[in-house]
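The values are calculated or read from the model by the stated rules, or taken from the named source; none is laboratory data. No experiment lies behind these values; they were computed from the predicted model shown. For neighbour counting, all protein chains shown are included, and Cβ atoms are generated from backbone atoms with ideal geometry for every residue, glycine included. Accessible surface areas use protein heavy atoms only, side chains included; no ligands, DNA or RNA. Shrake-Rupley method; radii C 1.70, N 1.55, O 1.52, S 1.80 Å.
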Amino acid sequence: MQNKTEENLLVVENLTMEFASPRRFLEKQKPSVRAVNDISFTVKEGETFGLVGESGCGKTTLGKCIIRLLKPANGKIFFNADGEMKDLLTLDHEDSFKFRKKLQIVFQDPYAALNPQHTIMEAFDEPMRIHGIGGGDKEKRKELIAMSLERVNLQPDYMYRYPHEFSGGQRQRICVAKALVLEPKLIVCDEPVSALDVSIQAQLLNLMRKLQKELGLTFIFIAHDLSVVHYMSDRIGVMYLGNMVELAEADALYSHTMHPYTEALLSAIPVPVYQGKHDRIILEGDVPSPMYPPSGCPFHPRCSRCMAVCKQSKPRLEEKANGHFVACHLFDEE
Ligand code: SF4
């Protein structure tokens with residue numbers, strides 16, 4: 001699947017992220033938690049790549065590794081810098097600094113993402129100064145902040161206000177504007193609308209799609225709401241217990257679902273009454289602890305189609321149709 005061609009902005013190879021388990025005094029050492037397990041995928045320039053899965057599946061950890069808020073235990077993250085693929089994990093300090101502004105994140109909680117003691121201008125100005133945006137000219141930086149606020153349909157003079165003076169939707173638009181002012185190529189959107197009312201969610205999603213077209217942005221869109229991810233994404237990766245279990249074009253994932261876990265997730269999407277009933281697949285049991293993952297297929301304790309082989313051998317993510325990858329023994333060739 002890894003293809004370091006020019007059309008790819010990002011190529012993630014065998015990425016693994018582990019966290020040490022907390023240990024109390026005199027307690028036995030516990031195994032580490034593998035939050036992201038040997039994940040590989042690519043993101044094309046200008047596309048939106050969706051990541052879905054239940055809480056704790058590792059999608060946010062994966063997003064944080066990509067923008068290097070977390071240092072992965074293993075793997076490679078290639079980023080296309082003007083036609084040349086560079087591994088973000090092996091850059092020297094100077095290159096690493098240059099790349100940092102090209103990769104931005106919009107967090108789920110706009111309340112926590114802005115310092116309540118800083119005006120919007122102060123919040124924008126600091127990273128701009130650090131990255132030399134506006135060439136050291138304060139008036140130029142102000143102009144760029146005003147432009148960025150206007151892009152997200154906010155008035156330029158809002159830059160003199162404090163975060164508490166805005167609604168949740170406005171704050172999230174401010175966070176998008178703050179990411180945009182650094183002129184990024186890739187934005188990781190980590191559940192950007194899940195803290196907002198439904199009507200506000202639609203406005204923000206439409207705004208993000210408009211900005212993507214106008215500015216040629218690439219998004220990694222993380223969410224647990226499959227209808228939101230479908231609306232936003234060109235391709236979607238489904239994660240379960242730190243593993244990528246299915247990856248396909250958004251429409252193919254919904255119309256030709258392969259993995260039993262994806263089937264269960266899709267069956268949980270509410271449908272309007274006039275579209276008739278559909279059978280919901282209720283998954284048995286809880287998600288296993290990533291500290292003690294099951295043998296074989298990580299989904300086998302909850303899978304209604306589990307076979308003997310599933311308990312012993314972990315299925316690999318393989319391409320089973322054009323651009324449609326799945327990790328499931330149901331699709332093993334004889
Ligand atoms: Fe279910 Fe087996 Fe497929 Fe895992 S490999 S999803 S247990 S059928």
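Give me the residue from region 114-130 that is in contact with a Pro (Cβ under 9 Å, 6 or more places away or on another chain) and crowded, with 19+ Cβ neighbours inside 10 Å and, out of that set, farthest from Phe78 (Cα to Cα).
Ile120
Return yes or no: is Ile133 in contact with a helix residue (DSSP H, G or I) (Cβ under 7 Å, 6 or more places away or on another chain), over 24 Å from Thr60 (Cβ atoms) and not hydroxyl-bearing (Ser, Thr, Tyr)?
Yes, satisfied.
Out of the residues in region 237-251 meeting the condition of being among the hydrophobic types (A, V, I, L, M, F, W, C) and farther than 14 Å from Glu54 by Cα, tell me which one is surrounded by the fewest Cβ atoms within 10 Å (Cβ to Cβ).
Ala250
Quick grid of which residues meet (1) modelled with pLDDT of 95 or more; (2) in contact with a Cys (Cβ under 7 Å, 6 or more places away or on another chain); (3) within 30 Å of Glu7 (Cβ to Cβ):
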{"residue": "Thr218", "(1), (2), (3)": "yes, no, yes"}
{"residue": "Glu249", "(1), (2), (3)": "yes, no, yes"}
{"residue": "Met258", "(1), (2), (3)": "yes, yes, yes"}
{"residue": "Leu266", "(1), (2), (3)": "no, no, yes"}
{"residue": "Asp279", "(1), (2), (3)": "no, no, no"}
{"residue": "Ser289", "(1), (2), (3)": "no, no, no"}
{"residue": "Pro293", "(1), (2), (3)": "no, no, no"}
{"residue": "Gly296", "(1), (2), (3)": "yes, yes, no"}
{"residue": "Pro315", "(1), (2), (3)": "yes, yes, yes"}
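Looking at (1) in contact with a strand residue (DSSP E or B) (Cβ under 6 Å, 6 or more places away or on another chain); (2) over 26 Å from Ala195 (Cα atoms); (3) in contact (Cβ under 8 Å) with a residue 60 or more places away in the chain, which one does Ile105 not meet, given that it meets all the others?
(2)
Could you pull out the residue among Glu284, Glu249 that is away from the ligand (no atom under 14 Å from the Cβ) and more than 21 Å from Ser194 (Cβ to Cβ)?
After applying the criteria, what remains is Glu249.
Could you please find all residues in region 76-106 being in a strand (DSSP E or B), of a type outside the set (A, V, I, L, M, F, W, C) and surrounded by 18 or more Cβ atoms within 10 Å (Cβ to Cβ)?
Correct list: Asn80, Gln104.
So which of His224, His259 ends up being closer than 29 Å to Pro293 by Cα and within 16 Å of the ligand (Cβ to nearest atom)?
Result of the check over His224, His259: His259.
Given the residues Glu6, Glu54, Glu27, which is the only one that is of a type in the set (D, E, K, R), within 30 Å of Glu263 (Cβ to Cβ) and at pLDDT below 95?
Only one candidate qualifies: Glu54.
Residues of region 28-39 being open to solvent by 20 Å² or more (accessible area, probe 1.4 Å) and under 18 Å from Lys71 (Cα atoms), which ones?
Hits for region 28-39 are Ser32, Val33, Arg34, Asn37, Asp38.
What is the residue count in region 295-334 for residues that are near the ligand (Cβ under 10 Å from one of its atoms) and free of Cβ contacts under 8 Å to residues at least 12 places away in the same chain?
Residues flagged as near the ligand (Cβ under 10 Å from one of its atoms) and free of Cβ contacts under 8 Å to residues at least 12 places away in the same chain within region 295-334 amount to 3.
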